[in-house]
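Here the structure is laid out as structure tokens; the discussion comes afterwards.
The values are calculated or read from the model by the stated rules, or taken from the named source; none is laboratory data. What you are looking at is a predicted structure, and each value in this text was computed from that prediction instead of being measured. All Cβ positions, glycine included, derive from the backbone under ideal geometry; neighbour counts span all protein chains shown. Please note that ligands, DNA and RNA were not included when accessible areas were found on the heavy atoms of the full protein model with its side chains. Shrake-Rupley method; radii C 1.70, N 1.55, O 1.52, S 1.80 Å.
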Amino acid sequence: SLGFQDVLSHGRTSAATSYRKLQGWSSDQNKWNEKLYPFWEEGDPRWKDSWKDGQVTAKLDTDSPALVGSNVTFVVTLQFPKCQKEDNDGNIIYERNCTRDPPASQDQQVYVYNWTEWIDNCGWENCTSNHSHDVFPDGRPFPHYPGWRKRNFVYVFHTFGQYYQRTGRSSTTFSVNTANITVGKHVMAVSIYRRGHSTHIPIARASAVYVVTDKIPLSVTMFQKHDRNISDSIFIKDSPVTFDVKIHDPSYYLNNSAISYKWNFGDGSGLFVASSSTTSHTYTLQGNFTLNLTVQAIIPVPCKPVTPTAPLPTSAVTTGASFNSDSSTIIETMEDSPDEGCHIYRNGYYGTGISVIEGILEVNIIQMTTIQMTESQAENSLVDFVVTCQESLPTDVCTVVSDPTCQVSKSVVCDPVTVKNECLLTIRRAFEEPGTYCINITLGDDTSQALASALISVNRGSSSGTTEGVFIFLGLLAVFAAIGAFILYKRYKQYKPIERNTGQAENQEGLTTYFSKFKAIFFSSNTERNPLLKGKPGIV
């Protein structure tokens with residue numbers, strides 16, 4: 001006769017002869033009821049006829065890796081042939097408005113499997129002969145909890161030399177505690193049967209690899225404000241880099257633990273210990289550095305009794321469990337504290353190499369001038385923006401014109417630039433209609449970019465001279481009186497007048513400008529590249 005190991009191993013062999021018991025699981029040495037649950041080898045032609053109009057497939061997913069002691073969760077999802085689905089009563093029906101040939105009558109549901117059809121004449125409580133089939137492969141009866149009649153599939157899971165069985169619908173989820181599972185990779189297999197009148201029919205199998213580890217699973221994401229490509233591990237000198245640690249703990253095993261983060265940024269700045277998962281660091285030197293992180297969790301656990309045969313040189317108690325040669329050994333170190341109980345210490349590690357280079361750190365709009373046009377060009381208003389930047393020299397410039405809220409983009413213009421010595425650019429933009437606009441000017445190079453923004457009001461008027469913008473924060477968005485604006489401007493910002501070319505027209509339309517220096521928004525380099533207006537040397 002067959003045993004559970006013969007049916008569920010799916011051809012896998014294991015050198016282990018004994019396992020630590022999983023709670024709620026049974027040994028795969030138990031006998032399998034082959035008469036009620038037929039066993040078909042792979043390639044058996046009966047698989048093709050196990051389901052109407054096609055074959056069912058099963059997908060088994062897991063949220064591993066799992067820290068030893070936590071729960072690892074598995075989700076099985078059945079995928080039916082085209083145009084079939086499970087209804088609220090657990091029956092399998094043809095979907096309406098599907099591409100397959102419509103049923104003869106659209107006024108009624110057409111069933112692939114109506115699971116209660118064969119008991120309509122007697123009912124579950126009166127057909128005693130049917131109850132002999134309401135059992136699992138090891139003979140245990142199906143649990144009769146509310147809604148159990150709608151669970152028309154039998155799932156039998158197998159791992160670590162043990163099995164677990166349950167009924168369910170077309171998708172089922174369950175979790176296993178890993179305290180008694182050795183560290184390493186393991187395979188979870190599942191066999192699915194559809195319930196029948198006299199026998200249960202196999203319809204699908206699936207398996208998935210899951211990992212149990214004694215190291216805290218974690219990942220680190222890095223972000224820098226002026227970094228153009230956050231995935232290349234290249235960052236800008238003198239600009240803070242934000243590090244965000246994500247611990248993979250879907251079962252919330254570490255919720256009551258004390259977690260610390262020990263950082264070594266590799267630049268000689270020393271060791272930093274933090275209690276927050278997010279930190280920042282500024283590299284002040286260029287070069288290549290190795291980042292190392294150690295995450296430690298102090299996990300409260302019930303204290304284990306101390307056996308008198310184990311000598312204890314200190315107050316620490318160390319317990320170990322040995323397994324077969326193909327398994328890892330788990331060593332748990334517990335600290336016995338009279339006030340706080342016992343704890344297990346778990347560590348997680350992360351390391352990576354990063355490069356630090358110079359980049360563009362700041363962009364400022366220092367002056368603005370409107371350009372007089374001929375009568376044929378009077379439908380457009382031309383404005384020159386004088387822009388400076390700090391640190392690295394830019395290789396491209398993008399100008400984005402948006403609505404006054406800076407949310408809806410109206411036009412995007414990008415162009416390469418060549419700056420040799422000093423970062424000083426004049427950018428000319430055309431405005432077809434009068435109104436208020438949000439202007440974002442981005443200067444970038446291969447690895448960095450920085451942004452300056454302004455709120456500008458363009459009017460149809462006539463005046464002369466150079467218009468100077470008044471820098472304010474966008475949060476204010478208020479029109480200051482001319483005298484007040486002038487005083488604030490003189491107090492916080494001193495403009496450098498732009499030199500005019502000989503013969504250049506200097507008459508200007510009425511123009512009121514309100515500048516902002518916020519730089520929290522970035523624009524990708526693959527924006528629309530329209531040609532800029534280039535009328536004079538040195539103007540982009």
Exclusive hit being of a type outside the set (A, V, I, L, M, F, W, C) and modelled with pLDDT of 95 or more, set Ser269, Ser280, Ser315: Ser280
What tally of residues in segment 391-409 results from selecting those that are open to solvent by 10 Å² or more (accessible area, probe 1.4 Å) and farther than 15 Å from Ile427 by Cβ? 10
Only one residue in Ile203, Ile181 is assigned to a loop (DSSP other than H, G, I, E, B), open to solvent by less than 50 Å² (accessible area, probe 1.4 Å) and either touching a strand residue (DSSP E or B) at 6+ places or on another chain (Cβ under 8 Å) or outside the structural domain of Thr279 (by the TED database) (or both). Which one? Ile181
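Per-residue answers, yes or no, for (1) part of a strand (DSSP E or B); (2) open to solvent by less than 10 Å² (accessible area, probe 1.4 Å):
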{"position": "Lys59", "(1), (2)": "yes, no"}
{"position": "Ser64", "(1), (2)": "no, no"}
{"position": "Gly69", "(1), (2)": "no, no"}
{"position": "Thr73", "(1), (2)": "yes, no"}
{"position": "Thr77", "(1), (2)": "yes, no"}
{"position": "Lys85", "(1), (2)": "yes, no"}
{"position": "Gly90", "(1), (2)": "no, yes"}
{"position": "Ile93", "(1), (2)": "yes, yes"}
{"position": "Arg96", "(1), (2)": "no, no"}
What residue, of Ser191, Ser171, is touching a strand residue (DSSP E or B) at 6+ places or on another chain (Cβ under 9 Å), small (Gly, Ala, Ser) and buried (at least 18 other Cβ atoms within 10 Å of the Cβ)? Ser191
Any idea which residue in segment 242-256 is least open to solvent (accessible area, probe 1.4 Å), counting only those that are without any contact (Cβ under 8 Å) to a residue 60 or more places away in the chain and more than 18 Å from the chain's Cα centre (by Cα)? Asn255
In segment 43-57, what residues are touching a Lys or Arg at 6+ places or on another chain (Cβ under 9 Å) and open to solvent by 40 Å² or more (accessible area, probe 1.4 Å)? Asp53, Gln55
Index of the failed condition, Asp238 passing every other in (1) surrounded by fewer than 19 Cβ atoms within 10 Å (Cβ to Cβ); (2) more than 30 Å from Asp446 (Cα to Cα): (2)
Taking first residues from segment 45-69 that are assigned by the TED database to the domain that holds Ile181 and second residues anywhere that are assigned to a strand (DSSP E or B) and open to solvent by 40 Å² or more (accessible area, probe 1.4 Å), the pairs with Cβ under 6 Å that are 6 or more apart or on different chains are Thr57/Gln79; Lys59/Thr77; Asp61/Val75; Ser64/Val211; Pro65/Val211
Within segment 257-279, count every residue that is open to solvent by 40 Å² or more (accessible area, probe 1.4 Å) and in a strand (DSSP E or B). 8
Segment 359-383, subset open to solvent by 30 Å² or more (accessible area, probe 1.4 Å) and of a type outside the set (A, V, I, L, M, F, W, C), residue modelled with the lowest pLDDT: Gln377
